[in-house]
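Participant: Following this message is one structure expressed as structure tokens.
The values are calculated or read from the model by the stated rules, or taken from the named source; none is laboratory data. It should be emphasised that the depicted structure is a prediction, and the values quoted were computed from it without experimental measurement. We place every Cβ from the backbone using ideal geometry, glycine too, and count neighbours over all the protein chains shown. SASA here: full protein model, heavy atoms, side chains in, ligands and nucleic acids out. Shrake-Rupley method; radii C 1.70, N 1.55, O 1.52, S 1.80 Å.
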Amino acid sequence: LTGSISDDIGRLKFLQYLYLYNNVLTGSIPSRIGDCIDVREIDTSDNSLSSTLPESFGQLRSLSLLALFDNQLSGSVPEDLGTLGLLEVLYLDNNKFEGTIPESLLNLPKLYDFRINKNSLTGQIPETKQAGVLELLYLDSNGLTGFIPSSLSRHKRLASLRLFSNKLIGAIPSELSALTSLDHLSLEFNQLQGSIPHELLASLSHLSELYLQGNAELSGTIPTQIGELADLKEFRAHDCSISGSIPSQVGKLYRLEVLDVSNNKLSSSLPDISQLEKLTHLKIGGNVITGIVSNDNCELTKVSLEEFSADCAGSSPDIVCACCSECL
């Protein structure tokens, strides 16, 4: 379909489902959309719609799904969206929205999937005032500032929390350890400080992906509790200021596929990882890790390891590695 959405849409008084996704529609969403008071689902994603969102969206009290992603919508996110008590799914990602995230959105009683990533939003992440049912929260790739609110821990069902590529500061809240259903945690490329909370690693037993890289002031050590993350597949914490050693408990992460702790302040030697038969990428360069990579660890290159980079270049390398694919 081409063209624009007609103002006559408001005449469809009994409309319940409006699916216009994956077309080449242009122009704005007409304000008369608010006259379709029985509509339950609206999906106009993947078009070229522009302009601002009409305030009349706040009249759609039966709305459970609103998908507007992959357009060119701009302006601020209407506060009235936060009054839609039946809303379960809200996709506003990959547009040109500005301003702040209305606090009411993170406090909607039935909202379980909220994506507003890849916009130009600023300000702080709103506080959560009451227990929520959010399972997926994507706020990444904006210009959000301030601290990560500890009140996010009220969303006990959260499985995926993506806050990367913002300007967030401060420490990683230890309260996030209450999110025991969390599978994916992305905090990379912010300005976070402090250390990795050991409570976080001790409690998030279902975590499979943990991304902390690109936080230059994230310091401290890698907690030994990392060994309790039995489902962990990817741990990326490169380009930080983490010190100490790689804990020996890493050798018990039998599902681990990616370990990237390059460009930190790590020292000591590489622990025994010979049992990590799913490990495909291991990057430990840009540290002061020393010693000789054991034959047992090198055997992984015959099993699974495709990329293995370390500081093994030159006549007097920090680490002696006969099996590295890249010596720095």
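Participant: At 0.36 nm per residue, minus the direct Cα-Cα distance, what do E199 and E79 gain on full extension? Give it in nm, one decimal, please. Present the calculation step by step, with values, prior to reporting the outcome.
Facilitator: Numbers: separation 120, 0.36 × 120 = 43.20 nm, distance 3.55 nm.
Extending this stretch completely gives an extra 39.7 nm.
Participant: Give the long-range amide H neighbours of S51: residues separated by 5 or more places, or on another chain, with amide H under 5 Å away, using H modelled in the peptide plane at 1.01 Å from N.
Facilitator: S74
Participant: Using only the Cα atoms of segment 201-295, build the gyration tensor, take square roots of its eigenvalues as a ≥ b ≥ c, and label the shape rounded, prolate or oblate: rounded if a/c is under 1.5, else prolate if a/b is larger than b/c, else oblate.
Facilitator: Working: a/c = 1.59, a/b = 1.10, b/c = 1.44.
Oblate shape, in that a/c is at least 1.5 and b/c is the bigger or equal ratio.
Participant: Given a cut-off of 21 Å, what percent of all Cα-Cα pairs of segment 98-230 lie beyond it? Each step should come with its number before you reach the end.
Facilitator: Numbers: 3118 of 8778 pairs.
Roughly 36 percent, rounded to a whole number.
Participant: Quick one: how many lysine pairs in segment 82-240 have C-alpha atoms under 21 angstrom apart, if they're 8 or more apart or on different chains?
Facilitator: Working: K96/K118; K96/K167; K110/K129; K110/K156; K118/K167; K129/K156.
The number of close lysine pairs in segment 82-240 is 6.
Participant: Here's something else I'd like to know. Just to confirm my understanding: which cysteines in the chain have no other cysteine beta carbon less than 4.7 Å from their beta carbon?
Facilitator: Taking the Cβ cut-off of 4.7 Å, the unpaired cysteines of the chain are C36, C240.
Participant: Suppose only helical runs count, i.e. DSSP H with n ≥ 4. What mean residue ellipticity at 222 nm does that imply for the chain under -39500 (n - 2.57) per run, divided by all residues and rounded to the nearest 500 deg cm²/dmol?
Facilitator: After summing the helix terms and dividing by residue count, I get -1000 deg cm²/dmol.
Participant: Note down the net charge around E188, summing +1 for each Lys or Arg and -1 for each Asp or Glu among other residues with Cβ under 12 Å from its Cβ. Mind showing how you got there, number by number?
Facilitator: Working: positive: R162, R236; negative: D140, E209, E234, D239, D260.
Summing Lys/Arg as +1 and Asp/Glu as -1 gives -3.
Participant: From the gyration tensor of the Cα coordinates in segment 5-154, what semi-axes in whole Å does the equivalent ellipsoid have, largest first, with each one equal to sqrt(5λ)?
Facilitator: Ellipsoid semi-axes (Å, largest first): 25, 18, 12.
Participant: Find the eigenvalues of the gyration tensor of the Cα atoms of segment 1-84, then list the square roots of 5 times those eigenvalues as equivalent ellipsoid semi-axes, largest first, in whole angstrom. Could you put the intermediate results ahead of the total?
Facilitator: Details: eigenvalues 65, 44, 27 Å².
Semi-axis lengths for segment 1-84 are 18, 15, 12 Å.
Participant: Here is a further query. Students often get this wrong, so try it: which of (1) 23.5, 79; (2) 19.7, 58; (3) 25.2, 87 is Rg and Dmax of the Cα atoms in Å as calculated from the structure shown?
Facilitator: Among (1) 23.5, 79; (2) 19.7, 58; (3) 25.2, 87, the one calculated here is (1).
Participant: Another question about this same structure. Let me have the relative contact order for segment 61-160, percent, based on Cα pairs under 8 Å that are six or more residues apart.
Facilitator: On the way: 248 pairs, mean separation 23.0, N = 100.
That works out to 23 percent.
Participant: Excluding D8 itself, calculate the net charge of residues whose Cβ lies under 11 Å from the Cβ of D8, where each Lys or Arg counts +1 and each Asp or Glu counts -1.
Facilitator: Net local charge, D8 excluded: 0.
Participant: All other residues with a Cβ under 14 Å from the Cβ of I292 taken together, and with Lys, Arg as +1 and Asp, Glu as -1, what is their net charge? Walk me through the numbers on the way to the answer.
Facilitator: Details: positive: none; negative: D272, D296, D311, D318.
In short, -4.
Participant: So with the 1.4 Å probe, I'd like the accessible area per residue for the chain, rounded to whole Å².
Facilitator: Details: 13910 Å² over 328 residues.
Computed with neighbouring chains in place, this is 42 Å² per residue.
Participant: While we're here: For the chain, which whole-number percentage of the solvent-accessible area (1.4 Å probe, protein heavy atoms only) is attributable to carbon and sulfur atoms?
Facilitator: Values: 6320 of 13910 Å².
Here it works out to 45 percent.
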